[in-house]
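The values are calculated or read from the model by the stated rules, or taken from the named source; none is laboratory data. Remember, predicted model here, so these are calculated numbers, not experimental data. We place every Cβ from the backbone using ideal geometry, glycine too, and count neighbours over all the protein chains shown. Side chains included, ligands, DNA and RNA excluded: accessible areas come from the protein's heavy atoms. Shrake-Rupley method; radii C 1.70, N 1.55, O 1.52, S 1.80 Å.
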Amino acid sequence: RAKAAGRGGHAFFEPAMRKAAEDHRLLENEVRKALQTNAMRLAYQPIVTARGRRLVAREALLRWRHPVRGDIAPHVFIPVIEDSGLIHQIGDWVIHEACAEAAHWEDEVHVAVNISAAQLPGDRLADTVLDALNRSGLDPKRLELEVTETVFLGEDADTLASLERLRELGVRLVLDDFGQGYSSFGYLSRAHFSKIKIDQNFVRQASAGDRNSLAIIQGILALANGLGVETTAEGVETAEQAGLMRNLGIDQLQGFLYGRPEFVEPGTNAIGDARFEAANAS
Ligand code: C2E
Ligand code: MG
Ligand code: MG
Ligand code: MG
């Protein structure tokens with residue numbers, strides 16, 4: 001890119017980096033405002049059994065509707081939240097909210113909550129989960145905490161201790177987006193996961209005829225079966241993809257074919273509500 005601009009790298013990159021930093025700062029201010037104006041909420045997406053399409057869980061996914069810019073995607077604002085340190089405050093709210101919500105579900109399916117790597121070190125996460133379970137009365141077995149491999153990048157004993165403490169609370173640990181990024185099978189021996197979610201890129205590529213992606217999925221499945229770990233395929237959009245994943249022996253499917261992330265109770269339960277204040281007052 002610097003070359004295409006026809007001058008030295010510095011002359012090109014500096015303004016671009018300054019602009020990125022500025023955008024980041026602006027977005028961070030917007031996030032702070034969003035927390036005061038109930039602009040963030042959780043949507044839930046169904047996860048079904050591959051055989052029989054029985055609903056087994058719903059994944060909580062954070063949604064932000066900006067008054068001017070409209071919906072802002074998590075891949076845009078989650079990194080900003082992580083960098084700013086707001087991830088602890090928002091992450092706590094997500095856990096409290098998802099547990100309180102799921103405790104009311106008559107079907108008693110699991111609820112899956114995404115956890116950022118930055119939330120793991122220290123006692124705060126396990127304390128929050130315990131508090132959320134106590135307040136909501138949710139059976140710990142119904143709570144699935146989804147982490148990605150990035151939690152292991154620091155090789156931090158503190159992170160492993162935190163994962164272990166969470167598991168001792170009786171909640172289920174799930175390895176999300178497996179196959180993306182660093183994908184070391186060794187990570188699977190470092191913590192006790194109940195489930196592996198196969199990244200949606202593999203699902204898409206394998207069903208498009210990519211033999212390498214297919215081989216990787218088969219490898220992950222062999223590993224999961226050997227470890228006695230459940231599997232979910234993410235991003236299933238077509239009946240063909242579902243058929244392929246089912247035939248490969250994947251346990252559960254998640255994707256637009258079965259349902260998009262949707263709000264359970266429109267207009268309620270945003271950050272800034274009483275429940276959030278209560279959760280953060282303690
Ligand atoms: P994820 O945990 O892997 O969540 C699955 C993502 O795939 C969601 O994107 C979902 O809307 C999308 N998806 C599901 N089915 C399909 C499909 O059939 N086709 C396609 N194209 N996409 C599908 P979303 O909601 O944009 O979230 C993106 C990521 O942001 C999540 O990936 C997760 O890593 C992160 N995230 C979302 N909510 C939270 C949160 O509360 N806390 C944290 N720490 N991260 C979150
Ligand atoms: Mg997830
Ligand atoms: Mg995922
Ligand atoms: Mg993802």
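Just to be sure I understand the model, the point goes 7 Å from the Cα along the line to the Cβ. What's the resulting S189 to V76 distance in nm?
Placing both labels 7 Å along Cα→Cβ, they lie 4.3 nm apart.
Pick out which of A100, A222, A60 has the largest mean-square fluctuation in a Gaussian network model of the chain, springs linking Cα atoms closer than 10 Å.
Of A100, A222, A60, the Gaussian network model singles out A222 as fluctuating most.
Figure the gain on full extension for H104 and D156 (residue separation times 0.36 nm, minus the Cα-Cα span) and round it to one decimal in nm.
This chain segment gains 15.1 nm when fully extended.
Going 7 Å from the Cα of K19 along its beta-carbon direction, which residues of region 46-71 have the amide nitrogen within less than 12 Å of the resulting point?
none
Could you tally the net charge around D83, taking each other residue with its Cβ under 11 Å from the Cβ of D83, Lys/Arg +1 and Asp/Glu -1?
-1
Please list, by residue number, every one of the trypsin sites (Lys or Arg not before Pro) in region 42-102 that is coil in DSSP and has at most 15 other beta-carbon atoms within 10 Å.
Answer by residue number: R51, R53, R54, R69.
Where in the chain are the helices, taken as whole DSSP H runs, whose Cα atoms extend 20 angstrom or more along the long axis and whose Kyte-Doolittle mean reaches at least 0.0?
Membrane-span-like by this criterion, though nothing is claimed about a membrane: 87-102, 211-227.
Based only on the alpha carbon positions, what is the Kirkwood hydrodynamic radius of region 6-97, in angstrom?
Every distinct Cα pair counted, the radius reaches 15.6 Å.
For G179, what is the net charge nearby, where nearby means another residue's Cβ is under 11 Å from its Cβ and Lys, Arg count +1, Asp, Glu -1?
Local net charge: -4.
Which GluC sites (Glu not before Pro) in region 117-169 sit in a loop by DSSP (not H, G, I, E or B) and have at most 10 other Cβ atoms within 10 Å of their own Cβ?
E155
If you average the sequence gap of Cα pairs under 8 Å that are 6 or more apart and divide by the length of the chain, what percent do you get for the contact order?
It rounds to 21 percent for the chain.
Find out how many positive minus negative residues lie around R69, taking Lys and Arg as positive, Asp and Glu as negative, among other residues whose Cβ is under 13 Å from that of R69.
With Lys, Arg at +1 and Asp, Glu at -1, the net is -1.
Express in Å², to the nearest 10, the accessible area of L62 obtained by rolling a 1.4 Å probe over the protein heavy atoms while all chains stay in place.
20
Mean separation of Cα pairs under 8 Å and 6+ residues apart, divided by the residue count of region 200-241: what relative contact order is that in percent?
Over region 200-241, the number comes to 52 percent.
Taking H placed 1.01 Å from N in the peptide plane, check which residues at least 5 places from H110 or on another chain put their amide H under 5 Å from its amide H.
Correct list: A57, R58.
Just the accessible area for H104, please: 1.4 Å probe, Å², rounded to the nearest 10?
140
Considering only D199, D176, D107, give the residue with the highest GNM mean-square fluctuation for the chain, with springs between Cα atoms whenever their separation is below 10 Å.
The residue that fluctuates most here is D107.
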